[in-house]
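Since the structure comes first, as structure tokens, the remarks are kept for the end.
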């Protein structure tokens, strides 16, 4: 059983209550907060998110959370999981907006662009997709039939493909999840992905990154 | 590969689960919370919940019930019925609902779609479009539960909804609702060809192969079913049920 509480960062975007519901079902203690002190003291952080990139960065700035998150993640090395926009905010920038991202990951967020052959793929990429693990990480689904719920119009492009953990296919390869040091994120929504997402969140609660 | 979605579409009326035929004769089919629990155990792809009494009646949006349903939903949930403002959409989304469906209020003022999309992203806005066949051919769009005709053509209307910021279109063939005689594949094709956003087809599913057809031939990204999910057998005995993943896999492209 997981004993470390997951602190869910509430910055007004996305659905902390859905994340909290799934964490509860997974048997993980959680707290939803935008308090800097609680975020700094957390042993495990979760950055959810649904919505526009600039709106997300603006909300984090308005709540005074950018420095706080930098301190927690980069200095204290608190394990963190970003979900969807939460993952995208960890990149340097996004084609969706003009605001700089948190820049924790060597990646940029780009819009779906399909080649002529893949024309007809609708945006957003919305629905259930399978993933392939590119290496062994805590995100690798143990279930053979694992599938996850995606809904996004932008995706991450990494400088170093070695940071990628899971790939999906939608008109071409799409990063589904990434891990680097204590920083992890999924493009899909584990909180809305039935038992597959539940397993993943449980694995996150049990994750102790080396060196963290 | 992205799998086409198979979605139970649940109708609410005065807090109860009902099923209609051609948008009329609402028949009581059970308890909504219980239904959500069962669909959750069956690991369905998504759930659409529409309150068919919320727009005409004074009772409005059943926030408490929506919250209870959402807390049992470990898959995405769409709620529609009676949403007229960004504030109402916000309240619903805060309850743990991923997407709000907007129909009558968009017919009155399409800018609601834009305002909700600006606040929560296009992926959170499903534009719901109810369509009836005209007697002498062609289609007509209706709002207010099939009671109020719109002057705009289907293609024009869904195009305008997409331009306004809808992330998805839910198209329901009123004539097929509850008939279980197959989707209006031509209508779905018309809509899916007119927009680039995903299309959820509803109205008429009687068999699992109908679901495969509306995706394969109709170009739908998702097949929503009503009667098929709450009735069993020829006599339409009330029973919450759903095609198995293996059955769906066999028919979906």
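Just so it is clear, none of the values below were taken in a lab; they were calculated from the coordinates. The model shown is predicted, which means the values in this text are computed figures rather than measured ones. Methodologically, a virtual Cβ is constructed for each residue, glycine included, from the backbone with ideal geometry; neighbour enumeration extends over all protein chains shown.
Work out the FRET efficiency for residue B:232 and residue B:16 from their Cβ-Cβ distance, taking R0 = 22 Å, and round it to the nearest 0.05.
So the FRET efficiency works out to roughly 0.70.
Between residue B:94 and residue B:133, how many nm apart are label points set 7 Å from Cα along the C-beta direction?
Distance between label points: 4.6 nm.
Please rank A:35, B:98, A:96, fewest neighbouring Cβ atoms within 10 Å first, as an exposure proxy.
Lowest to highest Cβ neighbour count: A:35, A:96, B:98.
Counting alpha carbon pairs within less than 8 Å and at least 6 residues apart, what relative contact order, in whole percent, applies to chain B?
17
How far is the Cα center of the stretch A:38-94 from the Cα center of the stretch B:80-105, in Å?
27
7 Å from Cα along Cα→Cβ at both residue A:33 and residue B:87: what's the point-to-point distance in nm?
Here the modelled spin labels are 3.1 nm apart.
Send over the semi-axes of the stretch B:5-251's equivalent ellipsoid, whole angstrom and largest first, taken as the square roots of 5 times the C-alpha gyration tensor eigenvalues.
Sorted largest first and rounded, they come to 23, 22, 17 Å.
Per-residue ellipticity at 222 nm for chain B, helices alone: DSSP H runs ≥ 4 residues times -39500 (n - 2.57), over residue total, nearest 500 deg cm²/dmol?
Mean residue ellipticity at 222 nm (helix-derived): -9000 deg cm²/dmol.
For the stretch A:6-205, what log10 I(q)/I(0) values come out of the Debye formula at q = 0.11, 0.14, 0.16 1/Å, with one point per alpha carbon and no solvent?
Normalising to I(0) and taking log10 leaves -0.44, -0.74, -0.99.
Which order do A:152, A:55 fall in if you start with the one that has the fewest other Cβ atoms within 10 Å?
A:55, A:152
So, R0 is 51 Å and r is the distance between the beta-carbons of residue A:136 and residue B:151; what FRET efficiency does that work out to, to 0.05?
The calculated FRET efficiency here is 0.30.
Out of all DSSP beta bridges in the protein assembly as shown, what portion is antiparallel? Express it as a percent rounded to 5.
45
What's the average, rounded to a whole number, of partner chain beta-carbon atoms within 10 Å of each residue's beta-carbon in A:17-23?
4
Antiparallel DSSP bridges in the stretch A:6-205: what percent, to the nearest 5?
60
Please figure out what share of the DSSP beta bridges in the stretch B:5-251 is antiparallel and state it in percent, rounded to the nearest 5.
So the antiparallel bridges in the stretch B:5-251 amount to around 35 percent.
Order of A:114, A:138, A:150 from fewest to most other C-beta atoms within 10 Å?
Placing the least packed residue first, the sequence is A:114, A:138, A:150.
If I take every Cα pair under 8 Å that is 6 or more residues apart in the stretch A:61-142, average their sequence separation and divide by the length, what percent do I get for the relative contact order?
16
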